[in-house]
Amino acid sequence: DTIIYDGEILRLEPKISGILNYQGLRWSPKQLFKCDSCLNQWLETGQSTYVKLAYTDKYTCYGQDSFDIKVLPVQNVGLPTAFSPNGDGENDYFELNGGPVRSLSISIFNRWGEKVYEYTGKTPAWDGKYKGEPTPTGVYTYFVRFNLYKGGIQEKMGTFTIIR
């Protein structure tokens with residue numbers, strides 16, 4: 001079974017042993033597929049569903065496989081207004097809330113405009129250090145640009161406080 005997020009595109013590339021008879025290949029439910037008789041698929045669905053592939057080989061032997069696709073909702077993306085990187089196991093990282101996101105880039109600046117953190121990827125987790133040393137307690141500014149699975153590209157700018 002497979003879990004995807006609303007707006008995520010799922011690549012289906014089944015491996016079938018033997019020689020496939022493409023005339024005997026069918027995906028269902030048919031309305032989910034642009035080509036229900038094509039082996040490899042790109043599938044986007046906003047609802048959880050059950051998918052089945054039925055096929056025959058060149059000797060007309062029948063086979064099938066199926067699986068459930070669970071679609072999870074995308075939540076609003078936010079960033080904390082404070083965090084405390086003191087090693088107590090609670091709020092030790094400046095992390096993204098909500099999502100998920102396809103990708104993001106984030107830059108964090110101290111009160112003098114010096115960039116103290118930069119990240120590009122999916123899951124930033126800043127530990128509050130700059131050049132290997134803890135940054136001081138204070139207010140910092142961030143700029144983040146993220147690409148959601150559903151909702152396109154968004155940008156946010158704000159401030160947060162480091163509490164030690």
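The values are calculated or read from the model by the stated rules, or taken from the named source; none is laboratory data. A quick note: this is a predicted structure, and the numbers were derived from the prediction, not measured. Ideal geometry is used to build each Cβ from the backbone, glycine not excepted, and the neighbour counts take in all protein chains shown. Only protein heavy atoms, including side chains, enter the accessible area calculation; ligands, DNA and RNA are left aside. Shrake-Rupley method; radii C 1.70, N 1.55, O 1.52, S 1.80 Å.
Which of the residues spanning the range 34-61 are open to solvent by less than 70 Å² (accessible area, probe 1.4 Å) and more than 23 Å from Val74 (Cβ to Cβ)? Within the range 34-61, Cys35, Asp36, Ser37, Cys38, Leu39, Lys52, Leu53, Ala54, Tyr55, Thr56, Asp57 meet the criteria.
The rows are residues; the columns are (1) modelled with pLDDT under 95; (2) within 19 Å of Asp6 (Cβ to Cβ); (3) not aliphatic (A, V, I, L, M); (4) not in a loop (DSSP other than H, G, I, E, B).
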site	(1), (2), (3), (4)
Gly18	yes, no, yes, no
Tyr22	yes, no, yes, yes
Gly46	yes, yes, yes, no
Lys52	no, no, yes, yes
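Counting the residues of the range 77-108 that are over 22 Å from Gly7 (Cα atoms), open to solvent by less than 50 Å² (accessible area, probe 1.4 Å) and assigned to a strand (DSSP E or B) gives 6. Among the numbered conditions (1) in a loop (DSSP other than H, G, I, E, B); (2) touching a residue at least 60 places away in the same chain (Cβ under 8 Å), the only one that Cys38 does not meet is (2). If the condition is being open to solvent by less than 70 Å² (accessible area, probe 1.4 Å), outside any loop (DSSP other than H, G, I, E, B) and of a type in the set (Val, Ile, Thr), then the range 109-159 contributes Val116, Thr141, Val144.
Does Asp68 fit the bill of being in contact (Cβ under 8 Å) with a residue 12 or more places away in the chain and surrounded by fewer than 17 Cβ atoms within 10 Å (Cβ to Cβ)? Considered against the rule, which asks whether it is in contact (Cβ under 8 Å) with a residue 12 or more places away in the chain and surrounded by fewer than 17 Cβ atoms within 10 Å (Cβ to Cβ), Asp68 comes out as yes.
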